[in-house]
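Heads up, the thing below is written out as structure tokens.
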Amino acid sequence: MAVRIAPSLLSADFGRLGEEAQRAEEAGADWLHVDVMDGHFVPEITFGARMVEAIRRRVKIPLDVHLMVAQPQDHLARFAEAGADYLTVHVEACVHIHRVLCQIRTLGVKAGIALCPGTGVAVLEHLQDVLDLVLVMGVNPGYGGQQFLSSALKKLRQAEQLLRERRNEILLSVDGGVTEELAGNLCRAGAQVLVAGSWLFRQPDLRRGIAALRLAGEASRPDEPRG
Ligand code: DX5
Ligand code: ZN
């Protein structure tokens, strides 16, 4: 299966976000990853639904909206209206995670769950019927440019095992600290979506950066289903 590359706009030039989004699309991005931070769940504040709406008008590729917010249930409808294709909530921010995932789907949007480095995969077991995406964090959420925590590799493998029978329905994504050097191991461990911020936007040529991540990821993937 192809690896999807999702540049994170968190590392783009905030003064020219529309152009940056288009630049990423033209450079071959499969998705755009939009990091929404509320100053509560994580210290920084970034984008709101109106920003997602503005980005939606500039690109056609799916918008992968990562809600790093407390009480995400209060904001789902606005982000759905704004044009999000995926809405990913943190299990750590939800008292009733099953209900929240159902709410996302009811809005006609794909439902994702994000796991912080301190959260295990066990929570996924009873959520498989209401999930479209699992986002394994490679760093503690809140900032771009952090170093990938190697424990996330083990977690990807565990998630891959747990979701094995649903691999065509539930995508496994990894976010935080993703580099070309790591991409092979991440995809070998089960990642199908690579979210990349600082590494990608640091590349002098975004198209080459996206291609390099894709190549490194796909080269590592076995053709046969893992038994
Ligand atoms: C971190 C965000 C990430 C961030 C990744 O909290 O969720 O999406 O942009 O940035 P890098 O790739 O620089 O770690
Ligand atoms: Zn993110």
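The values are calculated or read from the model by the stated rules, or taken from the named source; none is laboratory data. Since this is a predicted model, take the numbers as computed values, not measurements. Note that each Cβ is placed from the backbone with ideal geometry, even for glycine, and that neighbours are counted across all protein chains shown. Just the protein is used for accessible areas: all its heavy atoms, side chains included, with ligands, DNA and RNA removed. Shrake-Rupley method; radii C 1.70, N 1.55, O 1.52, S 1.80 Å.
Here is a check on your reading of the model: is V3 touching a residue at least 24 places away in the same chain (Cβ under 8 Å) and either on the phi > 0 side of the Ramachandran plot or touching a Phe, Trp or Tyr at 6+ places or on another chain (Cβ under 7 Å) (or both)? So V3 does not fit the description; no. What are the pairs with Cβ atoms under 8 angstrom where one residue, in segment 174-201, is without any contact (Cβ under 8 Å) to a residue 60 or more places away in the chain and open to solvent by 30 Å² or more (accessible area, probe 1.4 Å) and the other, located anywhere, is within 14 Å of ligand 2 (Cβ to nearest atom) and assigned to a helix (DSSP H, G or I)? Sequence gap at least six, or different chains. The qualifying pairs are T179/W199; E180/W199. If you go through segment 122-142 and pick out every residue that is open to solvent by 10 Å² or more (accessible area, probe 1.4 Å), under 19 Å from V95 (Cα atoms) and under 16 Å from the mean Cα position of the chain (by Cα), you end up with 1. Taking the criterion of being touching a residue at least 60 places away in the same chain (Cβ under 8 Å) and assigned to a strand (DSSP E or B), the only residue of segment 36-60 that qualifies is M37.
Can you confirm whether segment 130-148 contains a residue that is assigned to a helix (DSSP H, G or I) and either away from ligand 2 (no atom under 16 Å from the Cβ) or in contact with a Cys (Cβ under 8 Å, 6 or more places away or on another chain) (or both)? Yes, some residue in segment 130-148 is assigned to a helix (DSSP H, G or I) and either away from ligand 2 (no atom under 16 Å from the Cβ) or in contact with a Cys (Cβ under 8 Å, 6 or more places away or on another chain) (or both). Got at least one residue in segment 5-17 being in a helix (DSSP H, G or I) and of a type in the set (D, E)? Checked segment 5-17: no residue is in a helix (DSSP H, G or I) and of a type in the set (D, E). Scan segment 18-29 for residues that are within 16 Å of ligand 2 (Cβ to nearest atom) and either without any contact (Cβ under 8 Å) to a residue 60 or more places away in the chain or in a helix (DSSP H, G or I) (or both) and jot them down. Passing the criteria: E20, A21, A24. Taking each residue of segment 133-144 that is within 7 Å of D175 (Cβ to Cβ) and looking for partners that are near ligand 1 (Cβ under 7 Å from one of its atoms) with beta-carbon atoms closer than 7 Å, six or more apart or interchain, yields L135/H66; L135/D175; M137/D175; M137/G176; G138/D175; G138/G176; G138/G177; G138/V178.
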